[in-house]
1. Just to verify a result, which residue in region 74-90, among those that are more than 12 Å from ligand 2 (Cβ to nearest atom) and in a loop (DSSP other than H, G, I, E, B), is farthest from the chain's Cα centre (by Cα)?
2. When K95 is evaluated against the numbered criteria (1) away from ligand 2 (no atom under 16 Å from the Cβ); (2) more than 13 Å from the chain's Cα centre (by Cα), which criterion, by number, is the only one it fails?
3. Here are I90, I52, I106, I102: which of them is more than 8 Å from ligand 1 (Cβ to nearest atom), in contact with a Pro (Cβ under 9 Å, 6 or more places away or on another chain) and of a type outside the set (D, E, K, R)?
4. Looking at region 33-73, which of its residues are over 15 Å from the mean Cα position of the chain (by Cα), part of a helix (DSSP H, G or I) and in contact (Cβ under 8 Å) with a residue 24 or more places away in the chain?
5. Taking into account only those residues within region 27-36 that are buried (at least 18 other Cβ atoms within 10 Å of the Cβ) and aliphatic (A, V, I, L, M), which is farthest from I212 (Cα to Cα)?
6. Name the residue, out of K121, K93, that is within 23 Å of V168 (Cβ to Cβ), out of contact with any Cys (no Cβ under 6 Å at 6 or more places or on another chain) and charged (D, E, K, R).
7. Is it the case that L85 is within 9 Å of ligand 1 (Cβ to nearest atom), at pLDDT 95 or above and either closer than 20 Å to G129 by Cβ or surrounded by fewer than 23 Cβ atoms within 10 Å (Cβ to Cβ) (or both)?
8. Please give the number of the condition K146 fails out of (1) among the basic types (K, R); (2) over 18 Å from S61 (Cα atoms); (3) modelled with pLDDT under 95.
Amino acid sequence: MTTKQEENILKPSDNLVTLTQPDSVASEAFRILRTNISLKDFDSKIKVINVISSTAKESKSTTVLNLGYVFSQLGKKVLVMDLDLRLPSIHKKLKMKNQNGITDVISKSIDFNEAVIHYTKNMDIILSGTRNPYASELIQSRAFAKVLEALRNAYDMIVIDCPPVGLVTDGVITSTLCDGTIICVASGMNDKKDLERTKDLIDQFNVNVLGIVMTRMPVGKRYYSKYGYKKYGYGYGYGYGYYGESENKKKKKEKKTKK
Ligand SMILES: Nc1ncnc2c1ncn2[C@@H]1O[C@H](COP(=O)(O)OP(=O)(O)OP(=O)(O)O)[C@@H](O)[C@H]1O
Ligand SMILES: [Mg+2]
């Protein structure tokens, strides 16, 4: 039997929770994130945002999809772009074939409209496309900057998914073409050195950091939902989160049982 509380819990399969469970605590957290970005944007200049993290699996792609969707709910025409060209995942999360995408737009000079997928009424997706061994070169090319400029004119908001900056610098390079950057930091997944390296890169590339989204954070405080106040074991800073254990805790437990 599902309790009311369980109905509000984000499960690993809920990649677009803001669409599938709009009343959940997780969805509310994404709406708060949207509000915080909008509050900072006094002159309505923030149009192109990218999402980075220090290490892998810090919830970037999930954040990109849900942030894109909540902005589209304001009536904005939104494009979500998968620019994690080495390990793309948006197509997997949305159960799509990764055919024509941004790499094809750049390398085959096709019109971006041929690669754009209309996912919901106001949200379009552009996948990473055909695997290209020259990912960094592609992102740094004039051709990419030109396409991004054309997309900027076609959309009200573009949210770009990037690889972890601790592995490749594609993400911070992309930041230089964006109006602002969001950093996902998963609780217990980084060590101080990872974060210091990210900070150095951010300073070096003069990145405009819009904010940090804490993910997988132990919350231990009460949230208000339409079902009343509840206490959640894990969540995000302002964030969505899964009810249950963090990856690190799970791994530790697995190790213990193996012993
Ligand atoms: N807040 C969260 N708590 C627990 N698990 C999460 C959370 N957000 C996402 N996940 C799960 O963790 C995995 C990684 O999430 P996601 O793909 O969004 O991260 P990522 O930073 O884009 O990873 P990568 O670096 O591989 O691109 C996915 O299986 C996702 O369902
Ligand atoms: Mg990802």
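The values are calculated or read from the model by the stated rules, or taken from the named source; none is laboratory data. Here the structure is a predicted model, which is why all the values come from computation and not from measurement. We place every Cβ from the backbone using ideal geometry, glycine too, and count neighbours over all the protein chains shown.
1. Result: G75.
2. (1)
3. Numbers: I90 fails: in contact with a Pro (Cβ under 9 Å, 6 or more places away or on another chain); I106 fails: in contact with a Pro (Cβ under 9 Å, 6 or more places away or on another chain); I102 fails: in contact with a Pro (Cβ under 9 Å, 6 or more places away or on another chain).
Result of the check over I90, I52, I106, I102: I52.
4. N36, K40
5. A29
6. Values: K121 fails: within 23 Å of V168 (Cβ to Cβ).
One residue alone meets the criteria, K93.
7. On the way: within 9 Å of ligand 1 (Cβ to nearest atom): no; at pLDDT 95 or above: yes; either closer than 20 Å to G129 by Cβ or surrounded by fewer than 23 Cβ atoms within 10 Å (Cβ to Cβ) (or both): yes.
So L85 fails the test.
8. For K146, the exception is condition (3).
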